[in-house]
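Nothing in this text is a laboratory measurement; each read-out follows from the coordinates by a stated rule. Remember, predicted model here, so these are calculated numbers, not experimental data. Glycine gets a Cβ as well: all are built from the backbone with ideal geometry, and neighbour counts include every protein chain shown.
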Amino acid sequence: MKTMQIKFIPEAGFCTPLRADVLFGQILWQVRYLWGEEELYRLLEQFRAGNVPFVVSDAMPEDYLPKPVHLPAERVEGDLNEVAARKKLKKVEWIKLQDYLAYVAGNELNLNVLEPVLVETEEMHNTINRLTGTTGTEGSLYSSEAYYFNHQCYEYLSFYLRSNAEWLDRFPEILDSLELTGLGKGKARGYGQFHLIGWDNCEWLDEIEGADAMLLGNAFVPSASDPVEGYWRVETKFGRTGENISSFPFKKPMTMLARGTVLKGSYRPYVGKLLTDIHHDPRIVHSGYGFTFPWRWVD
């Protein structure tokens with residue numbers, strides 16, 4: 001499998017956080033639109049058979065990578081200012097690429113407090129009365145969350161792709177199609193628009209020597225063959241179906257290990273599995289795969 005970094009600039013707000021499972025679902029829909037339902041089912045059969053064609057990570061700011069969930073680990077004894085500074089470091093989500101490379105080479109991990117990447121806002125909306133064509137009906141006003149990229153502090157977002165040769169050749173067309181339609185829900189209202197700016201070869205990620213652990217680039221569900229020793233945080237995903245495939249849009253709750261999980265064991269390009277039996281419609285699946293970065297284990 002070949003590893004690439006896909007860089008893009010958001011041009012509108014997002015109604016959906018740009019998580020790996022969301023990106024995975026959007027990619028599958030583009031496969032269906034571009035090459036038909038039969039080709040989509042052929043792709044899904046590869047996943048079901050364990051011949052994973054590709055995995056993706058969460059979207060990340062620029063060249064930053066996820067911070068491990070267990071760091072910083074030591075408790076701080078000191079005055080209130082030191083305790084407050086420690087709390088800020090616990091909330092850090094990302095580490096700089098140079099700090100990551102220094103750590104896997106044997107140095108201490110440097111953590112820095114960063115500006116937020118996506119700014120969450122609450123936006124007001126009004127429903128239209130289909131009989132009168134007007135607003136103003138009692139109870140018609142409602143709010144929804146939207147996420148806007150912090151252009152003042154960051155230049156672009158990126159996500160990592162690890163793919164076999166067949167699907168790597170297809171991804172330019174898939175991403176060009178996504179660029180036209182947008183990402184996540186709210187596309188019809190102008191949300192989810194972005195502009196692709198580059199593809200970088202990241203094979204160096206798979207050539208880091210001495211890695212005896214894996215840092216996860218997104219939330220995932222471990223398979224029976226994945227390592228069991230590590231540091232993690234559990235989160236529950238309440239997924240929804242896409243593109244009106246079902247009149248009942250809610251998937252069953254899924255318990256996942258969060259982005260930043262660290263697993264001890266020899267490096268592999270991905271962990272996790274395809275999640276099935278998550279909806280009354282058996283066609284509907286969910287990505288439980290985790291994109292891995294080489295890591296150095298410290299007890």
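For region 171-227, residues that are free of Cβ contacts under 8 Å to residues at least 12 places away in the same chain, acidic (Asp, Glu) and surrounded by 13 or more Cβ atoms within 10 Å (Cβ to Cβ) total 0. Here's a check for you: in region 188-239, which residue that is within 18 Å of residue 97 (Cα to Cα) and assigned to a helix (DSSP H, G or I) is nearest to the chain's Cα centre (by Cα)? The selected residue is 205.
Being in contact with an Asp or Glu (Cβ under 6 Å, 6 or more places away or on another chain), among the charged types (D, E, K, R), surrounded by 13 or more Cβ atoms within 10 Å (Cβ to Cβ) and free of Cβ contacts under 8 Å to residues at least 60 places away in the same chain is true for just one of 264, 251, 273. Which residue is that? Lay out the reasoning, then the answer.
On the way: 251 fails: in contact with an Asp or Glu (Cβ under 6 Å, 6 or more places away or on another chain); 273 fails: in contact with an Asp or Glu (Cβ under 6 Å, 6 or more places away or on another chain).
After applying the criteria, what remains is 264.
Residues are listed down the side, and each one gets a yes or a no for (1) closer than 26 Å to residue 6 by Cα; (2) charged (D, E, K, R); (3) touching a Phe, Trp or Tyr at 6+ places or on another chain (Cβ under 6 Å); (4) assigned to a loop (DSSP other than H, G, I, E, B):
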| residue | (1), (2), (3), (4) |
| --- | --- |
| 244 | no, no, no, yes |
| 248 | no, no, no, yes |
| 255 | no, no, no, no |
| 260 | yes, no, no, yes |
| 263 | yes, no, no, no |
| 267 | yes, no, no, yes |
| 272 | yes, no, yes, no |
| 279 | no, no, no, yes |
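Yes/no matrix, rows are residues, columns are (1) of a type in the set (Val, Ile, Thr); (2) under 15 Å from residue 292 (Cα atoms); (3) in contact (Cβ under 8 Å) with a residue 60 or more places away in the chain:
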residue: 1; (1), (2), (3): no, yes, yes
residue: 22; (1), (2), (3): yes, no, yes
residue: 29; (1), (2), (3): no, no, yes
residue: 37; (1), (2), (3): no, no, no
residue: 56; (1), (2), (3): yes, yes, yes
residue: 63; (1), (2), (3): no, no, yes
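As for region 240-249, it holds no residue that is under 20 Å from residue 72 (Cα atoms) and basic (Lys, Arg). In region 1-39, which residue that is of a type in the set (Lys, Arg) and outside any loop (DSSP other than H, G, I, E, B) is nearest to residue 163 (Cα to Cα)? Within region 1-39, the match that is nearest to residue 163 (Cα to Cα) is 2. None of 237, 252 is among the charged types (D, E, K, R), in contact with a strand residue (DSSP E or B) (Cβ under 6 Å, 6 or more places away or on another chain) and over 22 Å from residue 298 (Cβ atoms) except 237.
Within region 123-144, identify whether any single residue is among the charged types (D, E, K, R) and in a strand (DSSP E or B), and answer yes or no.
Restricting attention to region 123-144, the residues satisfying the condition of being among the charged types (D, E, K, R) are 123, 130, 138.
Next cut, in a strand (DSSP E or B) only: 123.
Looking through region 123-144, at least one residue is among the charged types (D, E, K, R) and in a strand (DSSP E or B).
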